[in-house]
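**Q** There's a structure below that I have some questions on.
Every read-out reported here was derived from the displayed coordinates using simple, explicitly stated rules and does not represent laboratory data. Here the structure is a predicted model, which means the values were calculated and not measured. Neighbour counts run over all protein chains shown; Cβ positions are idealised from the backbone, glycine included.
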Amino acid sequence: MSLTGQSRLAGVIGWPVSHSRSPRLHGFWLDELGIDGAYVPLAVPPDRLGDALKGLPALGFRGANMTVPYKTAALDACDSLDPAARAIGAVNTIVVGEDGMLAGMNTDAMGFLANLDQESGFRAAGKNAVVLGAGGAARAIAWALADAGAARVTVVNRTPERAEVLAADLGGPLTARPWTALADSLAGADLLVNATSLGMQGKPPLDVDLSPLGADAVVNDIVYTPLKTELLRQARGRGLTVVDGLGMLLHQAVPGFERWFGVTPKVTPALRSFVLEDLTA
Ligand code: ATR
């Protein structure tokens, strides 16, 4: 689609930014929906971040995604924050208002829940979930589960202090348990989420005994390189429902696209294959 004077503009801000899959993902939707718009990678060095964000309204940008290392730095630069961004302490999506104000959102939580629902029909209300990890991704996921009404969210992490800080910060149904209590925590759990980097290319696999999980449990790995992790292979081998990590990446992009370009895009098998082609290239 060629651009006109009315083209709607958005992009992803990072340093570096070349690793980001977002231009490919949003580009697919722009083409598919025939929208007069563009989504561009914006490599912004740390000492220019403030200027770049202030410049978005002047340049006519509808907004931007924030990627590494700016998700936390963007908190202060926004004029308002949605409850998810405030609780999680990170902004991954900025929407420029009609008045030029920057609204910061965190769509990772929504993306996580939407993907889990689409791929497995899992609804968190009243459920018992175990989240492995205590980094940024674990924080978004634990908050999402609590916000969706989970009865219990147990955070298990190699460094127990980080899990304790996370549970204390978010409160509600969250509790922190040490790695040695994992088997105990899995007994009776409806959902296990790997939000550590274990299982990622170049990292050791996540080695967890899944036998305490009930037959109806869902296992969701947020690692997507590779897509078929050892954890998911083992879970599938036990007949459990599995959800891979690509869907969260795709679903977290929906709310931003909707606000910038005015249409709600769909996460379809065609989109998955298109993004996957690039991941495996
Ligand atoms: P992100 O913000 O992307 O989630 P992060 O803050 O680096 O990334 O978090 C990575 C998670 O993977 C952490 O929970 C980390 O555990 P620690 O808090 O103990 O560091 C977990 N992790 C990474 N390598 C690990 C390993 N070899 N064994 C167990 N956990 C590991």
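**Q** Taking only the alpha-carbon positions of segment 116-205 and ignoring solvent, what does the Debye formula give for the base-10 log of I(q)/I(0) at q = 0.15 Å⁻¹?
**A** Summing over Cα pairs of segment 116-205 leads to -0.51.
**Q** If you bin the C-alpha pair distances of the chain every 10 Å from 0, what whole percents do you get?
**A** It works out to 7, 29, 34, 22, 8, 1, in whole percents.
**Q** Which of Gly126, Ile94, Ala77 sits farthest toward the positive end of the charge dipole of the chain, with +1 on the Cβ of Lys and Arg and -1 on the Cβ of Asp and Glu?
**A** Final value for the positive-end residue is Gly126.
**Q** Another question, if that's okay. Under a 5 Å amide H to amide H cut-off, with H placed in plane at 1.01 Å, what residues pair with Arg8 once short-range neighbours are removed?
**A** Under 5 Å from the amide H of Arg8 lie the amide H atoms of Gly37, Ala38, each far enough along the sequence or on another chain.
**Q** With N set to the number of residues, divide the alpha-carbon radius of gyration of segment 1-90 by 2.2 N^0.38 Å and report two decimals.
**A** So segment 1-90 has a normalised radius of gyration of 1.13.
**Q** Given +1 on the Cβ of Lys and Arg, -1 on the Cβ of Asp and Glu, and no further charges, what dipole in debye does the chain carry about its Cα centre, rounded to the nearest 20?
**A** 300
**Q** Sticking with this one: Which of the GluC sites (Glu not before Pro) found in segment 96-165 are loop residues per DSSP with 14 or fewer other Cβ atoms within 10 Å of their Cβ?
**A** Glu98
**Q** Just order 201-211, 83-93, 36-46, 253-263 by mean Cβ neighbour count inside 10 Å, highest at the front, would you?
**A** Most protected by this proxy first, the peptides run 83-93, 253-263, 36-46, 201-211.
**Q** Evaluate the charge dipole of segment 185-271 about its Cα centre and quote only its size in Debye, nearest 20, assuming +1 on the Cβ of each Lys and Arg and -1 on the Cβ of each Asp and Glu.
**A** In debye, rounded to 20, segment 185-271 gives about 260.
**Q** Under 26 Å between alpha carbons, and skipping anything fewer than 8 positions from Lys203 in its own chain: which lysines qualify?
**A** Within the straight-line limit of under 26 Å, Lys203 reaches these lysines: Lys71, Lys228.
**Q** Based on DSSP H runs of at least 4 residues, each adding -39500 (n - 2.57), what is the mean residue ellipticity at 222 nm of the chain after dividing by all its residues, to the nearest 500 deg cm²/dmol?
**A** Taking each H run of at least 4 residues, the total per residue is -11000 deg cm²/dmol.
**Q** Relative contact order, percent, of segment 1-130 when contacts are C-alpha pairs under 8 Å separated by at least 6 residues?
**A** 21
**Q** Can I ask one more? How many nm is it between the label spots at Glu258 and Arg236, if each spot is 7 Å from the Cα in line with the beta carbon?
**A** Here the modelled spin labels are 3.1 nm apart.
**Q** Once label points are set 7 Å from the Cα along Cα→Cβ at both Thr225 and Thr268, what is their separation, rounded to one decimal in nm?
**A** 2.7
**Q** When the convex hull of the Cα atoms of segment 208-256 is projected onto a plane and the area is averaged over all directions, what value comes out in nm²?
**A** Computing the convex hull of the Cα atoms and averaging its projections yields 3.8 nm².
**Q** Let me ask something else about it. By how many nm would the segment from Lys203 to Arg158 grow when fully extended, if each residue of separation counts as 0.36 nm and the alpha-carbon distance is taken off?
**A** Length gained between Lys203 and Arg158: 14.7 nm.
**Q** How high is the relative contact order of the chain, given as a whole-number percent (alpha carbon pairs under 8 Å, six or more residues apart)?
**A** 15
**Q** I've got another one for you. Taking the Cα-to-Cβ direction at Thr280 and at Leu59 and moving 7 Å from each Cα, how far apart do the two end points lie in nm?
**A** 3.5
**Q** With only Lys, Arg, Asp and Glu charged, each at its Cβ (+1 for the first two, -1 for the last two), find how big the charge dipole of segment 109-246 is about the Cα centre; round to the nearest 20 debye.
**A** Its charge dipole is roughly 120 debye.
**Q** Taking amide hydrogens as modeled 1.01 Å from N in the peptide plane, which residues meet the under 5 Å criterion relative to Thr175, leaving out close sequence neighbours?
**A** Here the answer is Val153, Thr154, Val155, since their amide H atoms fall under 5 Å of that of Thr175.
**Q** Residues with beta-carbon under 12 Å from that of Asp169, excluding Asp169: net charge, scoring Lys, Arg +1 and Asp, Glu -1?
**A** Neighbour charge sum, excluding Asp169 itself: +2.
**Q** In addition: Report P(r) for segment 169-281: all Cα-Cα distances, bin width 10 Å, range 0 to the bin holding the largest distance, values in whole percent.
**A** Pairs per bin, as whole percents: 12, 36, 33, 17, 2.
**Q** Please list 217-223, 60-66, 120-126 highest first by mean number of surrounding beta-carbon atoms within 10 Å per residue.
**A** 217-223, 60-66, 120-126
**Q** Something else: How much net charge surrounds Gly133 when only other residues with a Cβ under 15 Å from its Cβ are counted (Lys, Arg +1; Asp, Glu -1)?
**A** Net local charge, Gly133 excluded: -1.
**Q** Give me the net charge of Asn115's neighbourhood, meaning all other residues with Cβ under 14 Å from the Cβ of Asn115; Lys, Arg count +1, Asp, Glu -1.
**A** Net charge in that neighbourhood comes out at -2.
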